[in-house]
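What follows is calculated from the coordinates using simple rules that are stated; it is not laboratory data. Computed from a predicted structure; not experimentally measured. Positions of Cβ are generated from backbone atoms using ideal geometry, with glycine treated the same way; all protein chains shown enter the neighbour counts.
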Amino acid sequence: MGVLVAERYRLDEPLGRGAMGEVWRATDQALSRPVAVKLLRADDGDAASERLRMEARTAARLDHPHVVSMYDSGCHDGRFYLVMELVDGWSLAQELAVHGLLDPQEAGAIGAQMAAGLSAAHVQGVIHRDIKPGNIMLTTDRIVKITDFGIACFADDASHTLTATGKILGTSSYLAPERAVGRPAVPASDVYALGCVLYELLTGRPPFLGENTPAVVQQHASAAPVPPDHLRPEIPRSLADHLLLLLAKDPAQRPTAEQAAGWLAAVEAHSDQAPPSGTVSPGGPPVPTAPAHMLRPARSRPTGSRTPSKAVIGVAGAVAFAVAAVIGASVTSGDGDPSSPPPGSTAPSTSTPPSEAPLSGAPSATASPDLSSSAFDDDKDEEKEKPERQRKRGGEKGGKH
């Protein structure tokens, strides 16, 4: 018989191990159901314990089919633990690593589910702050589950900009421009990260690449992304244009998660209509009009950078100044780990330790953050999910990939 946690949860099989502890497939003996138990290491300090407590508090506010459910939390033999819904599936990072690009219609459906989960969180005042492929689970039935609220915050908490060590939490490839310079996370920051993930599902790469992490962060603040249909022509124009709205530099120009969910859910794979200006999106409020520099008169427009809006010039200058001072940064802007086992494991919310970007001074619109390579160590301590069994998904999906 396995170890019994809190005289109730029997640890059956390890599923993942990482910087903050280990995750087990377990059995809730009181309710006779499978669960996932995240167990903090005995030698972890107060910071790690507080992070798990924050995950418990934020996730406990949420009850939504596209968010991993939180069941219980507590302390056992001096180790903090979380009890969560057990997800039969794999992460989007694994999906990308093993199967590559998604069909545009399927990518839109996954994006709609992500947006719906984020909308539910935002309604409850919860901002995730680390949306990325590694934190999005996909069940065997292709249902999205947002997980890992370890660095989430409450929208009404004015102190959430910095951690106690003066650092910004997040992952560089999916970090919204406003967060890169020390501004507080807002719901629109999650929407931007959603756009980055959807871009990667459609094109196989995040919207910005660079030789090092500071270069990637600078592009988030100042560079226009290449339209995804220029990288992959079969992407419907309507989907490509709406994706650019999610990636707007100005948070006020992005749709809400609710608007994004409604529009993405109604996307037709072969539609080539741009999102209408000022009209009501299916299932949601009006979709904001795309900024002028994002509107394209024809698909044949040459690929290239566009002039960023004046609203982000100050932000870009601040980031450029900081990047210029960085020497010898290593490439750490990726998310997925190619060595991860293929999709097919039964896995819970196996969290990936977030990257951290220290700031030099108090956060402000003109702050110059320290964008050293250690600030965004995105791949370090990536948790590996142990497969319960191997599945061949080619037959399940009808050879879509």
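Laid out as a table, the results:
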read-out: Other-chain or far-sequence residues with amide H under 5 Å of residue 76's (modelled H); value: 81
read-out: Interchain or long-range residues, amide H under 5 Å from residue 126's placed H; value: 155
read-out: Exposure proxy ranking, count of Cβ atoms within 10 Å, fewest first, for 83, 37; value: 83, 37
read-out: Packing rank of 21-32, 216-227, 68-79, where each peptide gets the mean count of other beta carbons within 10 Å, highest leading; value: 216-227, 21-32, 68-79
read-out: Rg/Rh ratio calculated on Cα atoms of segment 4-85 (Kirkwood radius); value: 0.94
read-out: J(HN,Hα) series, segment 201-216, from Karplus relation 6.51 cos²θ - 1.76 cosθ + 1.60, nearest Hz, glycine and proline x; value: 4, 7, 10, x, 8, x, x, 10, 10, x, 5, 8, 4, x, 5, 5
read-out: Cα gyration tensor shape for segment 72-196, rounded if a/c is under 1.5, else prolate or oblate; value: oblate
read-out: Radius 10 Å from Cβ of residue 220, net charge of other residues (Lys, Arg +1; Asp, Glu -1); value: +1
read-out: Calculated diffusion of segment 122-262, Stokes-Einstein form, Kirkwood radius summed over Cα pairs, 20 °C and 1.002 mPa s, µm²/s; value: 137
read-out: For segment 113-160: Kirkwood Rh in Å [reciprocal of mean 1/r, alpha carbons]; value: 11.4
read-out: Computed FRET value (nearest 0.05) for residue 41 with residue 63, which takes r as the C-beta separation and R₀ as 35 Å; value: 0.75
read-out: Derived scalar couplings ³J(HN,Hα) [segment 187-196; Karplus, 6.51 cos²θ - 1.76 cosθ + 1.60; whole Hz; x for Gly, Pro]; value: x, 5, 5, 5, 5, 4, 4, 4, x, 5
read-out: Segment 4-85, relative contact order in percent, only Cα pairs under 8 angstrom and at least six apart counted; value: 24
read-out: Kirkwood estimate for segment 42-123, i.e. one over the average of 1/r between Cα atoms, Å; value: 15.1
